[in-house]
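Worksheet: the structure to be examined is printed underneath.
We did not get these values from a lab; they are worked out from the coordinates using the rules stated. Keep in mind that this is a model prediction, so the values were computed, not measured. Cβ placement follows ideal geometry from the backbone for every residue including glycine, while neighbour counts extend to all protein chains displayed.
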Amino acid sequence: MATKEPKLNFNAAWELAPAPEDTKHISIKKQYELFINGEFVKPNSKKYFATYNPATEEKIADIAEADDKDVDKAVKAARAAFGKWSRLSGAERGKYIYRIARLMQERAREFAVIETMDGGKPIRESRDIDVPLAANHFFYYAGWADKLEYAFPNRNPKPLGVAGQIIPWNFPLLMAAWKIAPALAAGNTVVLKPAETTSLTALKLAELIRDSGLPAGVVNIVTGAGKTGSAIVNHPDINKIAFTGSTDVGKLIQRSIAGTGKKLTLELGGKAANIIFEDAPLDQAVEGIINGIFFNQGHVCCAGSRLFVQENVADIVIRKLKDRMETLRVGDPMDKNTDIGAINSREQLSKINEYIKIGKNEGAELYQSSCTVPKKGYFCKPTIFLNASQSHRIVQEEIFGPVLAVQTFRTIEEVIEKANNIPYGLSAGVWTDKGSKIFNLTSKLRAGVIWANTYNKFDPTSPFGGYKESGFGREGGLHGLAAYLDL
Amino acid sequence: MALKTIIPDFRKTSPVDQVGIEERVARFTTRSIKKSSKMQGLKMVLSMIDLTTLEGKDTEGKVKQMCYKAAHLHDVIPGLPSVAAVCVYPSMVKAAKDALKGTDIKVASVSTAFPSGQSTPEIKILDTKFAVEHGADEIDMVISRGEFLKGNYNFVFEEIAAIKEACGKARLKVIFETGELSTLDNVRKASDIAMYAGADFIKTSTGKISPAATMPVTLVMLEAIRDYYYATGRMVGMKPAGGISTSKLALQYLIMVHETLGAAWLSNEWFRFGASSLANDVLMQIAKETHGVYQSPDYFSKD
């Protein structure tokens, strides 16, 4: 009988040769302009900022910076287009949206490669999740365009007007789709601002929209940083603001539009509890933990960043989790075998590293997988903190990186209390073999989305959004359509 | 840490979530295996094959031919490994043993009234002893699926333990016939019973029932092996059998083994493919990697 402690060895007895995705087929311009009224125009500001590949730290392109006047121009174009667009029959609007969806499918590979290049996420995710899901959102909402009366019977649904939409850098194309598709289906026109570190796929989407023949001004895409966003939020002729991003900015937006009559939906931060019960299918739960916190380098607002494991299975779950972490491949996002890519920006990496330091100082037990990370580029090893406490900052605050805080619990009451004891309420995960336990928890957890025996599942038909400081309003499904209608 | 073997309550083995298993499997199948890693993987697959013939019409002559193929897979390409074992009925063990003299290829014999297992315990033990006495290095037994589905886990456990005893030095592979067990929970339960009863290998199928081996079923068994290894310190081997006929699929299985159990299981001591037509597909791929073009199947001997 073996006397030493059993240990599995995941060192590469069988090393996988590099399998880089071909990048030759894509076209990226040296400089990108603003997309206003159906054409690309130079910014009034005459200023440009660079966008970088976070995996190589190399510059990809220069992006125009929109100032107040540019935003005003975009809003005017959207306003001018609104009348005709909103009076178009639903079926006609649907045709355009379907066309955008199909074009996106046709150009899926190009979108996936550029998304990975500009944002750092592994090509496996942009190819299998981001781009197909973005196209699906257009398909789904295209179908509703001519059925609004049936979607909301006896309500006489009317579009709101011009929607100002501000999206984050974690799912650049997908968030653009979440915002644009329901707005167009409902008959609104749009001014959209992508995040400054990830403007490229939104600008590629602008090219696609131009090619689709969508009437000029229906979708306008202006690039820039916080100031551009603020110009959109504060523009007097905008009827609705939809924002996805940090809670701090969300609060700022809410404050600035108070009393203006603008409608608002906010999808903000999160610190989701992923709860593993003793009777859960443990190996699949571990997969759910991995998917919950390491999907997209943890840059996910609904990431399962707080793990609660029932104490009597904690040792087993942690052992399985550590083994699984050893098999994660961290590195070149363009390699088809990469599981965890690059952190989106230098700023984000230093924020994550700061939290790792905080966690250590707070006394939580740090564990990182033994992988090596490339010297160049912004990378972070998959990280877990064991023995974290509810009062630790790494448990309370959103890190937005591949860092998991692990706590144990003993009873259902305890875990519900702890899971809810946080300013956020976007999502949660419950793992148990017992159906009644799932229903008990889903009714008591204050989170907008709760996954049972799975995690990070997205579908255009399913509403998504939060409680408390995670925001309000829903995207996806009929709920997402209602947010763009006067009912 | 001292490890002691406590036999668990098999009515309460860990639950398995089918959707989760299928998602995990989908991740293995998106791994891209290219160039040198592909070549290494293909050779590994060849060395892990149990070349099998299990037919009523088998004769000594047929077995002899297959044994030659087992040792000389494709002499045109030098440096290829031989397969791990040949797998035959007990009556053919002697012929196989004679034909493989001087090689290190093992002879595996099915037993226990293969493939149905519908016989008496005495006959199953005799069946096994007959094969061992004729020189079988490995015994592939089937479990009593009827008793298993009745919930008669002690019966299944004791039967495996008795056959293990009859095996003597031969290594015991326990076939579950997962196509008849219906749920992944049952597969997990059968895995636990077999390992605690002394199995050296656990094996998916006889090849006589469809579905035979699938990746989800194999993953559940690999995870059971992992948990058993952590609980007892003893390594148990895995053999998916039936339905794996392409190189691509075989490589995906190896990825799954590597990422579930680690490097130690990537050898024919701990992992086997039960297959009859897989070898030639792998040889075709190796020839393609060597020469850059695909060759006609006629360039590869059938057996």
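Between B:G20, B:G56, B:G243, which gets the highest mean-square fluctuation from a Gaussian network model of chain B, Cα cutoff 10 Å?
Fluctuation is largest for B:G56.
Testing the spin-label approximation: label points 7 Å from Cα along Cα→Cβ at B:I7 and B:M39. State their distance in nm.
5.1
So for A:D67, B:D98, fewest C-beta neighbours within 10 Å to most, what's the order?
Ascending number of Cβ neighbours within 10 Å: B:D98, A:D67.
Below 8 Å, C-alpha to C-alpha, sequence gap of six or more: please give me the relative contact order for region A:273-460 in percent.
29
Using alpha-carbon positions, what is the distance between the centroids of region A:272-301 and region A:303-330, in Å?
8
Taking the beta-carbon count within 10 Å as an exposure proxy, list A:V430, B:V257, B:V76 from fewest neighbours to most.
B:V76, B:V257, A:V430
Taking a quarter of the surface of the convex hull around the Cα atoms of region A:273-460, what do you get in nm²?
10.5
Taking chain B as a Gaussian network, Cα atoms linked when under 10 Å apart, which of B:R31, B:R188, B:R145 shows the biggest mean-square fluctuation?
B:R31
Return the average number of partner chain Cβ atoms within 10 angstrom of each residue Cβ along peptide A:278-287.
Counting other chains' Cβ atoms within 10 Å and averaging over A:278-287 gives 6.
Distance from a point 7 Å along Cα→Cβ of A:K42 to each backbone N in region A:50-72: keep the residues under 14 Å and list them by number.
A:64-65
What does the net charge come to around A:A50 if you take all other residues with beta carbon closer than 12 Å to its beta carbon, with K and R at +1 and D and E at -1?
-3
Within 13 Å, Cβ to Cβ, of A:D72, how many net charges do the neighbouring residues add up to if Lys/Arg are +1 and Asp/Glu are -1?
Local charge sum for A:D72: 0.
Please go through the residue pairs A:K418/A:K444; A:K59/A:K381; A:K24/A:K59; B:K69/B:K173 and name each one whose alpha carbons sit more than 21 Å apart in this structure.
A:K59/A:K381; B:K69/B:K173
Using r as the Cβ-Cβ distance of A:T23 and A:R410, and R0 as 51 Å, what FRET efficiency do you calculate, to the nearest 0.05?
Taking R0 as 51 Å, the efficiency between A:T23 and A:R410 is 0.50.
What FRET efficiency, computed as 1/(1 + (r/R0)^6) with R0 = 60 Å and r the Cβ-Cβ distance, is obtained for B:D75 and A:D211, rounded to the nearest 0.05?
E between B:D75 and A:D211, to the nearest 0.05, is 0.55.
Using a 10 Å cut-off around each Cβ of peptide B:8-20, what is the average number of partner chain Cβ atoms that fall inside?
Per-residue shielding by partner chains comes out at 4.
Taking all pairs of distinct Cα atoms, average 1/r, flip it, and tell me the Kirkwood hydrodynamic radius of the protein assembly as shown in Å to one decimal place.
One decimal place: 28.8 Å for the Kirkwood radius.
Any chance you could list the semi-axes, whole Å, largest first, of the equivalent ellipsoid that the Cα gyration tensor gives for region A:1-153, using √(5λ)?
Its equivalent ellipsoid spans semi-axes of 41, 26, 14 Å.
Once the piece of chain linking A:K444 and A:N387 is laid out straight, how much longer is it, given 0.36 nm per residue of separation minus the C-alpha distance between them?
18.0 nm
Which value in nm describes the separation of the simple spin-label points at A:E354 and B:A264, placed 7 Å from the Cα toward the beta carbon?
Placing both labels 7 Å along Cα→Cβ, they lie 4.4 nm apart.
Place a +1 charge on the Cβ of each Lys and Arg in chain A and a -1 charge on the Cβ of each Asp and Glu, then give the dipole magnitude about the Cα centre in debye, rounded to the nearest 20.
1100
Let me have the relative contact order for region B:12-100, percent, based on Cα pairs under 8 Å that are six or more residues apart.
Contact order relative to length: 32 percent.
List the relative contact order of chain A as a percent without decimals, with contacts defined as Cα pairs under 8 Å and 6+ residues apart.
Dividing the mean separation by the residue count of chain A yields 18 percent.
Sort the following peptides by mean Cβ neighbour count (other Cβ atoms within 10 Å, averaged over residues), highest first: B:288-294, A:225-231, B:84-90.
Going from most to least packed, we get B:84-90, A:225-231, B:288-294.
How much length is gained if the chain between A:N156 and A:D459 is pulled fully straight, taking 0.36 nm per residue apart and subtracting their Cα-Cα distance, in nm to one decimal?
Extending this stretch completely gives an extra 106.4 nm.
For the ranges A:104-114, B:207-217, what's the packing order if you count other beta-carbon atoms within 10 Å of each residue, average per peptide, and put the highest first?
Ranking the peptides A:104-114, B:207-217 by packing returns A:104-114, B:207-217.
In region A:130-158, whose amide N lies under 12 Å from the spot 7 Å out along Cα-to-Cβ of A:S89? List them in ranges.
Answer for this model: A:146.
Let me confirm one metric for peptide A:331-337, namely the mean number of other chain beta-carbon atoms within 10 Å of its residues' beta-carbons.
The mean count of partner-chain Cβ atoms within 10 Å per residue comes to 2.
Output needed for chain B: three equivalent-ellipsoid semi-axes, defined as square roots of 5 times the C-alpha gyration tensor eigenvalues, in descending order, whole Å.
Equivalent-ellipsoid dimensions as semi-axes: 30, 24, 16 Å.
On a full-extension model of 0.36 nm per residue, what is the gain between A:T372 and A:E311, subtracting their alpha-carbon distance, rounded to one decimal in nm?
So the chain would gain 18.8 nm between A:T372 and A:E311.
Can you grab the distance from the C-alpha centre of region A:83-152 to the C-alpha centre of region B:36-103, Å, no decimals?
Computed from Cα coordinates, the inter-centre distance equals 53 Å.
Could you size up the charge dipole of region A:1-112 around its Cα centre, putting +1 on the beta carbon of Lys and Arg and -1 on that of Asp and Glu, and report it in debye to the nearest 20?
The calculated dipole for region A:1-112 is roughly 660 debye.
Separation of region A:183-262 and region A:442-487 by C-alpha centroid, Å?
21
So what's the net charge close to A:F152: Lys and Arg +1, Asp and Glu -1, counting the other residues with Cβ under 12 Å from its Cβ?
+1
Once the dipole of region B:1-102 is set up with Lys and Arg at +1 and Asp and Glu at -1 on Cβ about the Cα centre, which of B:M48, B:S14, B:A95 lies farthest towards its positive end?
Value computed over the given set: B:M48.
Relative to the longest principal axis of the C-alpha atoms of chain A, give the angle of the C-alpha long axis of helix A:108-119, reported between 0 and 90° and rounded to the nearest 10°.
Between the helix axis and the principal axis of chain A, the angle is about 70 degrees.
Quote the FRET efficiency, to the nearest 0.05, computed for A:Q254 versus B:E289 with a Förster distance R0 of 56 Å and r equal to the Cβ-Cβ distance.
0.40
Using the per-residue mean of other Cβ atoms lying within 10 Å as a proxy for protection, in what order, highest first, do the peptides A:84-93, A:296-305 fall?
A:296-305, A:84-93
Which value in nm describes the separation of the simple spin-label points at B:K208 and B:D303, placed 7 Å from the Cα toward the beta carbon?
Computed distance between label sites B:K208 and B:D303 equals 1.6 nm.
Kindly flag which residue pairs out of B:K239/B:K302; A:K42/A:K336; A:K47/A:K84; A:K46/A:K336 have an alpha-carbon separation exceeding 29 Å in this structure.
A:K42/A:K336; A:K47/A:K84; A:K46/A:K336
Pairs A:K73/A:K262; B:K43/B:K64; A:K251/A:K271: which are spaced more than 22 Å apart, C-alpha to C-alpha?
B:K43/B:K64
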